[in-house]
Amino acid sequence: MRIAFIGGGHMTSSLVGGLRGRGTAPGDLSVADPQPAQLERLQRDFGVRTSSDNAAAIRDADLVVLAVKPQDMAAAARSIAGELGDRRRIVVSVAAGIRVADLARWLGERVPVVRTMPNRPALIGAGITAAFAGPGVAPPDRAAVEGVMSTAGPLVWLEDESLKDVVTAVSGSGPAYFFLLIEALEDAGASLGLPRSTARQLAVHTALGAGRMAAEGTDAPTTLREQVTSRGGTTAAALAVLGRADVRGTFAEAVAAAARRSAELADQYGGE
Ligand SMILES: NC(=O)c1ccc[n+]([C@@H]2O[C@H](COP(=O)([O-])OP(=O)(O)OC[C@H]3O[C@@H](n4cnc5c(N)ncnc54)[C@H](OP(=O)(O)O)[C@@H]3O)[C@@H](O)[C@H]2O)c1
């Protein structure tokens, strides 16, 4: 399968790096970007074919990944629309907040479109992607999209596009919530006397270990939490304080605010 990327920035570098690492031939990957420096870097690092002409870059592609910023998406999609008519190919967007209906309007209604929502850790292959398939996307198309996006981490399919604002609020913005937690734990450890670098190392690796236990085991997070919380012990003392501060309620409010903002931004970028 030949894959073309429109936009040669961070997300494309990461996906191309993942595909090359898995053995995809460099001749099967092409990238288009207006910046010669981006193209030189991608050519040098991964040996892929490059072009400053979007339509030329997708000419022999079976799957096209649109990896530009949301505000550039209308222009990028329109730049390849004329080239998409000659044969069937699937178009995948990785842009936050761009709806399938907007993509179809810019690309042509008959083009099969998949909208994906990766998050920032995708850049190191540790992301999570939610995807929504537009009309006309067949099971083999889904498998092809999974083949590309799984280099960035696991992929989950959504059957209802309206849930994408919730996904954005949970996993899109989510890394920032965990960074905040790491910062707060580091600050707390430092204020109680630990050297700051030690406090940071303890906080970061605790987050990493907790995440890996939740991801790799079969126990639910509630069970894992209960397993480290003995009655009358240290963890119970800390969780009692967090409970009184209604941390769960605050998280629910914060995630709802992010979901509302995601819907507002989709209206803004999709209107073109
Ligand atoms: N980075 C992340 O952590 C992350 C996570 C999840 C999702 N995403 C999504 O991934 C998409 C790309 O993000 P990124 O971080 O890779 O952005 P980026 O590093 O800014 O790369 C985008 C590239 O696309 C180029 N471009 C702009 N308009 C174009 C056009 N019409 N045709 C071809 N290329 C064009 C840009 O060139 P100029 O600089 O000249 O504009 C830039 O080199 C975004 O929509 C974002 O929402 C990113």
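What helices does the chain have that are whole DSSP H segments, at least 30 Å long along their own axis by Cα, and with mean Kyte-Doolittle hydropathy of -1.0 or more?
Working: long enough: 247-270 (34 Å, -0.07).
Qualifying helices: 247-270.
With bins 10 Å wide beginning at 0, the percent of Cα pairs of region 118-161 falling in each bin runs 30, 52, 18, 0.
Computed over protein heavy atoms with a 1.4 Å probe, the carbon and sulfur contribution to the accessible area of region 139-222 reaches 67%. If a spin label sat at a point 7 angstrom from the Cα of Ala176 along the line to its beta carbon, the backbone N atoms of region 69-88 nearer than 17 Å would be those of 70-71.
Here region 222-253 and region 88-109 have alpha carbon centers that stand 43 Å from each other.
Its alpha carbons considered, region 127-272 gives a radius of gyration followed by a Dmax of 19.2, 60 Å. Potential lengthening of the chain between Arg231 and Leu265 amounts to 7.7 nm, from the contour at 0.36 nm per residue minus the alpha-carbon distance. Considering only the Cα atoms of the chain, their convex hull presents on average a projected area of 16.7 nm². Solvent-accessible surface of the chain, averaged per residue with a 1.4 angstrom probe and all protein chains in place: 54 square angstrom. Protection proxy ranking of 217-225, 260-268, by the mean of other Cβ atoms within 10 Å over each peptide's residues and highest first, is 260-268, 217-225.
Report, in cubic angstrom per residue, the convex hull volume of the C-alpha atoms of region 178-249. Intermediate results must be reported in sequence, preceding the final value.
On the way: hull volume 7.6 nm³, N = 72.
Once divided by residue count, the hull of region 178-249 is 105 Å³.
Our summary of shape: the Cα atoms of region 1-63 have principal axis extents of 27, 22, 17 Å, ordered from largest down, in whole angstrom.
Rounded to the nearest 20, the size of the Cβ-charge dipole of region 1-78 about its Cα centre is 100 debye, with Lys and Arg at +1 and Asp and Glu at -1.
The values are calculated or read from the model by the stated rules, or taken from the named source; none is laboratory data. If you're wondering where the values come from, they're calculated on a predicted model, not measured in any experiment. No Cβ is skipped: glycine too gets one built from the backbone with ideal geometry, and neighbour counts run over all protein chains shown. Side chains are part of the model used for accessible areas, which takes the heavy atoms of the whole protein and leaves out ligands, DNA and RNA. Shrake-Rupley method; radii C 1.70, N 1.55, O 1.52, S 1.80 Å.
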